Structures are given as C-alpha cells and as structure tokens.
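Take a look at the structure below.
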Amino acid sequence: MATNDDDVSNSVQECHKQLQLAVQYQKILARILAKIRATVNLESLCSTSCQDICRQLQIERVAIYQFNADWSGSFINRLGFAESPWDAMKAFGQDLVWQDSYLQETQGGRYRKNEPFAVADIYDADHARCHIEVLEQFQIRAYAIAPIFIGAKLWGLLAAYQHSTPRQWHRNEVEFFAQAASHLGVAMQQAEIIEQTKQRTAELQDAIARQRALTEVVGNIRSSVNTEIILDTACQELCKLLKLERAAVFRFHEDWSGEFVSHFGMVEAQWNSINPFGKNLVWEDTHLQETNGGRYRNNESFAVNDIYQAGHSRCHIDILEQFKIRAYALAPIFTGAKLWGLIAAYQHSGSRQWANYEVEFLEQVGAQLGVAIQQADNLTQSKQQAIALQDAIARQRTLTEVVGKIRSSLDIDLILKTTCQEVCKLLRVERVGVYRFNEDWSGEFVSHFGMVEAQWDSINPFGKNLVWEDTHLQETKGGRYRNNESFAVKDIYQAGHTRCHLDILEQFKIRAYALTPIFVGRNLWGLLAAYQHSAPRHWETVEVEFLGQVASQLGVALQSSQMMTQVQTRANELHQSAEQRRILFDLVVKIRESLDLETILKTTVQEIESAYFALILMLVFAVVNLSLKMYYPSSILPYPSKCKIIASATSSHPNIVKDNCKLSLMSTVLVPKYLI
C-alpha cells in the first residue's frame, strides 16, 4: 500500500513538475510572440529566445542553422547561445559551414516534412561513422532538432546540443522545441516581410529619386541645342548619379567603326590620366563592324561585372586592359529608327555588380539622349535650311544686281570685269576669271580678275590675254562644257588629275576651282572660272549653281552686246550710204543747172567730201565725158585734153588725182560706155 502511495505521490509530483515546465514553456513562447508583435529586431529576438530556451531546459547550447541554396548550411552564431564553458568552443565559430551530405542529397530530409528529431546519445543512434566523426568534432553527445519554416519554405533548423553527457529528451521538451522553432519561423517570416517591405519602399524611393534625377538630367540635356554640350552634360549627370568612374558617348561611323565624341565626366580625377581616353578617340570593334551594331541594333543593353569573368576573347580583353576597364555597362542611343551610338558606363578600379536599376537608368538616359540629339539635329537642320533660304534669297538678289550691272553696259570688257568682281565678292573666292575659246579650241583669259586677297594679284602668269592651252579641251572641242556641264574640284591633289595638268595648275598656284560654261546662243563661247589659291575649298552645290546662273546671264549679255554692235555697224553703213546718195544727187542737180564745163567741174569738186572723193571721182569722169559730148558732139577730146580739163578742175585735190593717175582706165572701165 505504501508503495502505491509513493507511486501516486511521485506521479503527482511529476505531473506538477511537467505542468510547471509547460507554464514556463508557454511564458517563453508568449515572450517570443510578444517580441514578434512588437517587431523587435530579429537578431535580438533569436539571441534572447535561444538564451531563454537554454536556461529553461538547462541545455548547454542552442544554435540556429540556415540552409544554403544547395542544401548545405551554416550556423548563425550571433543568433545562438551557449552556457559556459561551452561558449568558448573554437569548433563552433562565426558562420560555421556544416556540409551534411544526407541533407544535401534529400534536400532537407525529414525536416522537409516538419518533423523534429531528438537523439539521447549519438553512440546509441545507429549513426554512420562519418556522421559520428562530425558530431565528435563539435563535442556533441546529444541533440534535438526542429525545423524552421518561413511560409512553406524550409529555412533552417533550431538545434539544442548537449556536450558533456547524454540526455534523455522528454516528449514535451521536443514539442516545446518544435513550437519555439515555429514561432521563430513566424518571426523570421515577419522580419523578412518587413525587410522586403523596407527594400521595396527603399527601391520605390530610389525609383522616385531616379525618376526625379532622370527628369533633371533630361531637363539639363534638353536645355541646350548644342550637341557637344548635351553629350557632356549627360556624362557628368550619369557619373554623379550612379557614382561612376567614367561615362562616355560613342558614335558609330557609316562603316560601323566609331569614336568617342564626348568629353568624359569623372568621379575619380585619377582616371583622367588614362592616356588613350579622350574626345575623338577611335575604337574599332570588329564584331560591331561585322554585325552592323550587334545586339545594340535590337535595342539591347549589355553589362559586364568583370571583364575576366565575361568570356571575352583575348583580343577584346587586350583592348579593355589598354583603357584600364574592369567593368562596364552599355546602352544604345537611337535617333529615330537609326542606331546612332552607345552610352557607356566604365569602372576602372575594380569589378562592379551592376544593379538592374542602374542598367535601366542607363537605358533611359540613352533613350532621352537620342531624342535630344535628334531634336538638336532637327533644329540645326532647320537653322541651316533657314540660313540656306536666306542665302538663296541673297544670292537671287545679288544675281539680279549682277545681271543689272552686266546689262547696263554694251562694253564687253566692262561686262566681264563687272562679272568677275561681283562673283568674287559674293562667293568670297580669291579669284574669278573669264576664259574665251579660240577657233581651234585653245583659249585665253579675256578678263581682269577680282580678288578678295590682294596677295593673289601678285601671281605673275595671271593677267588679261593670258593664253592657256588645254589639249583635252582642244581635242574634245570643249569637253564636258559642250554639254553645258559645270565642274568643281575641292583639291587638285585629290581629283585624279594627270601630272601635266597638275603642273599647269601649280604654275598658277591654283588649289581648288569651279568652272561653268558660257554659251552665246548655241555656241560654247568660253568659261566662267572661280579659283582658290591658299587652300582646298569645298564647293557647295548652291555656289556652283550660282556660278552657272551668272555664266548664263553673261552669255546673254555678250550676245546682246554683239547684236548691238552689229546693229550699230549696219546703221553706220546705212547712214554712210544715204549720205553718199545725197551728195551724188546734189551734184547731179548742180551739174545740170550749168552749161559751162569749167564751172561744172569746179562745182563738182567743191561738193565732194574728202572721205568720198575716190568714189565720186569716177562719176566726175562720166559727167565730164557726157558734158563734152553735149558741147562737142562731133568730136571726142583726146586723152591729154581730158586730163588737162580734169586736172584744172580738181586742182584743189592734187593728191587724189595723182593717186588715181590711170584716169583713162577709170573713165573707160569703171564708167559705163554710154556715158563716155
């Protein structure tokens, strides 16, 4: 009977003890929950919870173990707790990695099913020898383990270790341990959610800050219409915002090689001393050339954290090493649908893990940069078009003035000189000349030359009536100019001229020229030539067209001048003929009014102008013979008598009579027979 009472007493005491332990367990769990709800720092929560469990269960060590992605893991010692002297064990160290092949192969083993596990003595648990050796390494004699889940994911383990002796784990201890692990999992999940929320909040704030920064960058970029300022501003803003050691803008050429067209913004001034980097640095990338822009044609970005880990070819690495580049990120710049270039971020001092938002920001800056460049180009084109329109209006106005000055004169020399001076002034060329073809298609310069720079006036061979024999023009009878084609050469040494042609041009110190034909009617009359002596010159299309327009008007003016000269000559001839007829008529009238032969002759000679004397003298003989027939019808005076009478009558003009000594010939040949 006494034995039964003792058993009952012991049972009651045991129950009372278990009840007290349960109450203590609940208090510990309540504290854990309270701390969870108070969002206490996770590290502090784990550390104090491990300490409470350790002391409540009188365990020598409580540790927290976290799985890695490959199901190996490590102890997070700052979260655990150990009683003295076990807290000084060197085997347990900070972030101790424990590779358990069974857990790795089974991806968490029994703990994936949320099953706790307790071992009273490692030597009685049928562990494999390798497992026991690992446990002996950490002086573990007994242990209890419960899984820690964050949501549905096995995060790690809550482990209780007994180092000094074996330990019989009570069922309620293991259950409590599992509950504590579950509470810690909730705490970790909450901490993870809070951390994720904080991260998302921080990312959102960063995104807002980046968007604000991007807006500022875009504003700074678009505040200028100067492309160089736009590019420099973009580099500087990128360096500042992403804390880069270098940012640069690379522009593609037509052959898909390219060059850096921007100065580079720097965070670290030391990187400015890298010699090869600079504006207009040509970088030939064979891959980009062969693929016409590679991945960047598809609007893809590219980031490399470490050039030695990116699988680059040796030649590519050599180029990057030359510029001391260790990491880089590149984004394309498009202007419309055309791949214009790349925006580049470089890290020199070491490798760099490029965050997604950094690459995205680089892409956004590249896109905005493309829009800004396109707008700047459009504005520049608009300005150029406006300037071109103004120039065209000015040229048309000047052409009208030139045409007016050309047509205001009929003097060909003055017309040509005026043309040269006006073209020289408008096109700002160093010399303008007019070249006229001869019958054999050689030619000569027939005009003086207008000069902007007086120094070119000292070129000896140039001058009016300078003969220039061009065998090609002679053989082809004017060459391309017969087809009314113009010809412009910006540099004689780049035009493929023959050596003999260059020798002639060098003789006259000509470096660039433009020629356009001058037609008078349908005939190629000559050439209007513009020359540059001091340096090569790029001839704009509008300049050559203007030269052609002036040449066309010059041809019209020359034709008009020739026609006016012909008309004037014809008018003079008609006037002279009319005057001669008037004198003859007056002479005949006076002759017929007198019957005295001597009076007739004197009157005739007095009426004759010296300019027409030779012509009228023939008529005199006719009149004399006629008169003699009238007075002496029965006889003809002999030749000497005629001469005497005429000599007497023409004594006032002895030289004329002397020069026309063969009077009988004139009187018999030039005068009709019926008058003699």
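The values are calculated or read from the model by the stated rules, or taken from the named source; none is laboratory data. Bear in mind the structure is a predicted one, so any value in this text is a computation, not a measurement. Every residue, glycine among them, receives a Cβ derived from its backbone with ideal geometry; neighbour counts consider all protein chains shown. Remember, those area values only see protein heavy atoms, side chains included, never the ligands or the DNA or RNA. Shrake-Rupley method; radii C 1.70, N 1.55, O 1.52, S 1.80 Å.
Quick look at the values:
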item: Contact order relative to length of region 69-180, as percent, for alpha carbon pairs under 8 angstrom and 6 or more apart; result: 23 percent
item: With all protein chains modelled, accessible area of Thr197 [1.4 Å, Å²]; result: 70 Å²
item: GluC sites (Glu not before Pro) restricted to region 286-360 and DSSP loop, no more than 12 other C-beta within 10 Å; result: Glu300
item: Relative contact order of region 318-370, defined on C-alpha pairs under 8 angstrom at six or more residues apart (%); result: 40 percent
item: Solvent-accessible area per residue for region 129-222 (1.4 angstrom probe, square angstrom); result: 51 Å²
item: Solvent-accessible ranking of Arg297, Arg352, Arg110, largest area first, probe 1.4 Å; result: Arg297, Arg110, Arg352
item: Length gained when the stretch Asn378-Arg129 is fully extended (0.36 nm per residue, less Cα-Cα span); result: 81.7 nm
item: Pairwise FRET efficiency - Arg397 versus Val567, Cβ, R0 = 45 Å, nearest 0.05; result: 0.90
item: Modelled label reach - Glu83, point 7 Å along Cα→Cβ, region 116-146 residues with backbone N closer than 20 Å; result: 118-122, 138-146
item: Set Lys417/Lys490; Lys240/Lys324; Lys243/Lys324; Lys425/Lys509; Lys153/Lys198 screened for pairs whose C-alpha atoms are more than 23 Å apart; result: Lys417/Lys490
